[in-house]
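Visitor: Sharing a structure with you now.
The values are calculated or read from the model by the stated rules, or taken from the named source; none is laboratory data. The structure presented is a predicted model; accordingly, all values stated were derived computationally and were not measured. Note that each Cβ is placed from the backbone with ideal geometry, even for glycine, and that neighbours are counted across all protein chains shown. These area figures cover heavy atoms from the full protein model, side chains too; ligands, DNA and RNA do not enter into them. Shrake-Rupley method; radii C 1.70, N 1.55, O 1.52, S 1.80 Å.
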Amino acid sequence: MLDTRYDPRAVEGKIYELWEKSGYFNPDNLPARKTKNLKLKTSAKGGSPPKADAPREHASGGKNFIVYMPLPNVTGSLHMGHALDNVTPDILIRYKRMKGFRTLWLPGTDHAGIATQYVVEKQLKKEGTSRFDLGREKFIARVWEWKKEYGGKILEQLKKLGVSADWSRARFTMDPAYAADVMKAFIHYHKKGWIYRGFRTVNWCPRCGTSLSELELEYREEKTTLYYMKYGPFTLATTRPETKFGDTALAVNPKDARYKRYIGQTLEADSLATDGSLDVPRLKKVKLLVIGDEAVDMAFGTGVVKVTPAHDLVDFEMGVRHKLPTVQVIDERGRMNERVGKYAGMKTSDARKKVAEDMRATGLMVKEEPYDHRVAVCYRCGTIIEPIPSQQWFLKMEKLAEAALAAVKTKKVTITPKNFERPYRDWLTSIRDWTISRQIWWGHQLPVFFCRKKLEAISNNQFLISKQKGERFVVALERPQTCPFCKHCDMEQSPDVLDTWFSSALWPFAGLSEEDKKKYYPGDLVSNAREILNLWDARMIFSGLEFMGKVPFKNILIHGTVLTKEGKRMSKSLGTGADPLEYIEQFGADATRFAVVWQATGQDIRWDEAAAVAGKKFCNKLWNAARFVITHTPAEVFMAKACPRGGTAADKAILKKLAAVAAHTEKHIQMFAFSKALRGLYDFFWHEFCDVYVEQSKKQLADVKLKKGTEAVLAHVLISSLKLLHPFLPFVTEEIYQKLPRRAAGGLLIIVPW
RNA sequence: GCGCCCUUAGCUCAGUGGUAGAGCGUUGCAUUCACAUUGCAAAGGCCGCUGGUUCGAUCCCAGCAGGGCGCACCA
């Protein structure tokens with residue numbers, strides 16, 4: 001009857017289809033009527049339904065159990081990180097579903113502003129065109145096309161892993177309903193006075209043409225030069241001499257005995273002239289204020305720094321503290337601007353060389369030494385970040401951060417493992433206002449409409465911050481019919497879009513129908529990698545509190561990172577990534593899940609293929625043990641009520657061990673110690689049930705007196721094991737369950753109670 | 001700089017205050033009896049180093065060394 005080998009490829013697609021058709025992934029389909037159907041089936045031939053398998057009153061009275069899927073990017077393709085994100089919550093969901101909870105595993109995809117725009121731009125480049133050729137509207141249409149074609153891929157891949165999410169509720173962060181909630185959130189914050197607009201030096205990617213948050217930066221080691229230059233009475237060290245034209249002060253530490261006496265003085269210093277010929281460097285006098293600021297490290301260089309508020313984030317903050325002017329000398333393309341005369345138009349890297357050369361020639365350069373520098377680069381394209389001042393929208397974080405802090409402090413939200421509470425706290429306590437605007441096209445365009453008249457007046461934002469003119473704008477869900485300011489312009493919508501995280505922060509509720517918002521908020525759990533803790537989890541917490549009045553989930557599960565066997569970060573480009581789809585193909589989805597859970601003991605995982613081998617063998621063991629039990633046990637035994645009692649010493653021993661492993665499994669699932677739970681089940685099934693009891697049963701089955709009792713125990717332990725293992729190995733357990741004599745099987749294993 | 005984590009069998013990792021376990025690999029034996037993706041057996045470990053607490057430490061404490069990570073900074 002059953003093949004001697006378990007073949008996942010022949011089973012998984014079919015089983016998944018069975019589940020999807022059942023509708024049980026949708027909590028709305030888990031109520032009593034399904035229960036009735038099952039009862040009809042099991043009682044059709046008379047006799048009472050097997051107690052252990054009788055579905056209990058499901059969702060009707062059941063409690064909710066809701067997991068929010070960590071949003072994969074639409075550009076994403078399944079990798080081990082997703083496997084980690086999704087396997088353990090799926091275990092919980094399946095466990096809770098079987099326990100009678102109304103389970104909702106809420107899936108979706110993130111529009112991933114920069115990432116997606118980047119992918120489509122690359123496509124356009126291949127075609128010899130660009131987004132600028134297309135224009136905004138056509139470009140966005142193009143991205144939507146791309147999304148239609150590829151955006152669902154990642155979700156399909158998750159299905160291959162056996163993820164039992166409610167696909168009927170799958171959302172995309174740019175869906176109209178979702179977008180509407182994003183707009184409402186912006187307007188809500190605006191009404192509270194928490195949104196403001198301001199000039200600020202931000203991390204700017206000259207290639208992507210957008211500002212980036214600190215969390216979107218990556219760092220690269222570079223061998224550069226530390227230049228020691230003369231500035232009036234001082235010598236100071238800098239890696240960026242080309243920004244000297246934007247210097248508006250010199251700073252020393254107020255405790256520094258060497259320089260204390262200069263603080264507050266305005267000094268005259270020689271600097272490079274920016275007029276005349278590039279070939280003939282000349283000097284000119286500049287005046288600079290000396291300030292005292294704690295941010296200056298006395299031990300670095302000479303203890304004096306030049307302050308360039310326009311092109312350095314720390315300097316910008318010093319500038320704010322000391323009311324320094326901001327002089328921009330680098331533009332959005334990463335080139336020197338017209339303020340620097342003869343250096344204008346040069347790329348910063350070229351300007352650096354040229355300025356250094358001119359300083360040598362004019363005697364301003366004291367010395368140069370090699371320097372290992374970590375430069376910030378764009379996480380998308382690797383381009384070196386240029387801090388430049390630009391006009392951005394900010395969200396005040398004070399109150400929101402307070403609320404998010406309190407949520408964890410009062411244990412409304414628990415972070416597992418506990419030691420991640422500290423980075424969470426640290427981030428929130430030292431938080432800066434959130435730069436929520438991005439200068440890209442793909443995303444939620446700000447619901448801000450400017451009067452065109454006023455806009456012109458401030459169109460030049462190249463110069464001093466003090467010259468910025470106020471402007472008039474309306475924040476509204478829809479474009480106003482008439483401009484409330486000039487009464488005749490059609491108003492221009494801000495070209496900026498919101499930071500992608502602004503919209504994903506609303507994930508637990510945005511885009512849900514009003515009914516669902518009532519029914520399925522708040523939820524229970526998110527599970528993700530540690531780097532997402534502040535980027536996403538913290539923001540979901542304060543957004544949930546702000547808009548729904550309750551924390552969105554009780555638990556944050558932080559899982560380890562999957563590394564290569566050598567302990568290196570996996571990288572697709574280096575070909576060192578383990579691809580879950582390949583594992584599914586080679587070993588099966590269950591074996592892949594097994595490998596993930598087996599190894600996910602809390603630490604980072606050095607991925608070892610051996611675990612997938614073990615998983616595959618275990619599935620096969622399960623399969624063959626089931627074969628043995630089915631062929632040696634008459635159909636009616638599977639319908640036996642409840643747990644067999646009494647019997648031989650071996651019977652009693654295995655039943656006792658079954659009870660113990662069931663308790664062990666349940667305890668560890670509840671503690672989120674999935675690996676322990678699985679290992680316990682593995683040992684029990686293989687080494688207790690197969691190695692000991694099944695062998696013993698062969699003798700007992702030959703004994704007429706013991707035959708019946710032995711059959712009952714075999715059937716009972718098998719069915720129980722299938723249930724216990726189902727959350728971990730859903731496909732093979734369901735397939736075996738379907739092969740059991742019909743009346744015992746009833747419907748689907750996924751809703752059979754433990 | 002602040003903080004977190006790791007160091008146990010060839011490899012990847014569990015684990016406990018009383019002188020160690022799994023998976024994979026290796027070696028030997030066993031194939032009509034559910035499964036060779038199997039069974040049985042075996043080899044293989046100063047449980048990173050030093051000191052302390054203890055009757056006793058792989059486990060607790062301190063220090064050191066090596067490795068990894070997060071945050072901040074990087075003029």
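Visitor: Please tell me which of these pairs span more than 19 angstrom C-alpha to C-alpha: A:Lys223/A:Lys353; A:Lys306/A:Lys367; A:Lys192/A:Lys412?
Guide: With Cα atoms farther than 19 Å apart: A:Lys192/A:Lys412.
Visitor: Ok, one more. Can you sort A:Asp426, A:Asp315 by 1.4 Å-probe accessible area, starting with the largest?
Guide: Output order, biggest surface exposure first: A:Asp426, A:Asp315.
Visitor: Something else now. How do A:Arg94, A:Arg261, A:Arg321, A:Arg530 stack up against each other in accessible area, from largest to smallest, with a 1.4 angstrom probe?
Guide: Result of the area sort, largest leading: A:Arg261, A:Arg321, A:Arg530, A:Arg94.
Visitor: Please state, rounded to one decimal and in Å, the Kirkwood hydrodynamic radius that segment A:340-463 gives when every pair of distinct Cα atoms enters the mean of 1/r.
Guide: 20.2 Å
Visitor: Under 18 Å between alpha carbons, and skipping anything fewer than 8 positions from A:Lys554 in its own chain: which aspartates and glutamates qualify?
Guide: Partners found: A:Asp85, A:Asp90, A:Glu402, A:Glu421, A:Asp524, A:Asp537, A:Glu546.
Visitor: Distance cut-off 18 Å, Cα to Cα: go down the list A:Lys621/A:Lys708; A:Lys652/A:Lys707; A:Lys652/A:Lys739; A:Lys122/A:Lys147; A:Lys96/A:Lys409 and report the pairs above it.
Guide: Too far apart for the 18 Å limit: A:Lys621/A:Lys708; A:Lys652/A:Lys739; A:Lys96/A:Lys409.
Visitor: Here's something else I'd like to know. Please give me the summed charge of the neighbours of A:Asp524: other residues whose Cβ is under 11 Å from its Cβ, Lys and Arg +1, Asp and Glu -1. Working shown, then result.
Guide: Values: positive: A:Lys63, A:Lys96, A:Lys554; negative: none.
Charge balance near A:Asp524 sits at +3.
Visitor: Can you pull the percent of segment A:255-399's accessible area that's carbon plus sulfur, 1.4 Å probe, other chains left in place?
Guide: 50 percent
Visitor: Would you compute, for the Cα atoms of chain A, the largest minus smallest coordinate along each principal axis and list the three values in descending order, in whole Å?
Guide: Per principal axis, max minus min of the Cα coordinates gives 110, 61, 53 Å.
Visitor: Calculate how many DSSP beta bridges within chain A are antiparallel, expressed in % of all such bridges and rounded to the nearest 5.
Guide: 70 percent
Visitor: Please report the accessible area of A:Thr248 (heavy atoms, 1.4 Å probe, ligands and nucleic acids excluded) in Å², nearest 10.
Guide: Approximately 20 Å² for this residue.
Visitor: Give the aspartates and glutamates reachable from A:Lys487 as a straight Cα distance under 19 Å; neighbours fewer than 8 places away on the same chain don't count.
Guide: Within the straight-line limit of under 19 Å, A:Lys487 reaches these aspartates and glutamates: A:Glu456, A:Glu471, A:Glu478.
Visitor: Given a Förster distance of 51 angstrom, what is the FRET efficiency for A:His322 paired with A:Lys125, based on the Cβ-Cβ distance and rounded to 0.05?
Guide: Efficiency at R0 = 51 Å is approximately 0.70.
Visitor: Per the 1.4 Å probe, what fraction of the accessible area of segment A:486-540, in percent, lies on carbon and sulfur atoms?
Guide: Roughly 52 percent, rounded to a whole number.
Visitor: So, one more: With a 1.4 Å probe and all protein chains left in place, how much of the accessible area of segment A:626-744 comes from carbon and sulfur atoms, in whole percent?
Guide: 58 percent
Visitor: Working out 0.36 nm times the residue gap between A:Ala177 and A:His488, then minus their Cα-Cα distance, what length gain in nm do you get to one decimal?
Guide: Additional length available on full extension: 108.8 nm.
Visitor: Sort A:140-151, A:389-400 for me by packing, meaning the mean count of neighbouring Cβ atoms within 10 Å per residue, highest on top.
Guide: By packing density, highest mean first, the sequence is A:389-400, A:140-151.
Visitor: Output the peptides A:597-610, A:102-115 sorted from most to least packed, where packing is the average of other Cβ atoms within 10 Å over each peptide's residues.
Guide: Sorting A:597-610, A:102-115 by mean packing, highest first, produces A:102-115, A:597-610.
Visitor: To continue, here is another question. For A:Leu226 and A:Asp703, compute 0.36 nm times the residue count separating them, minus their Cα-Cα distance, and round to one decimal in nm.
Guide: Using 0.36 nm per residue and subtracting the Cα-Cα distance, I get 162.9 nm.
Visitor: Sticking with this one: Counting only heavy atoms of protein chains, what accessible area per residue, in Å², does chain A have with a probe of 1.4 Å?
Guide: 44 Å²
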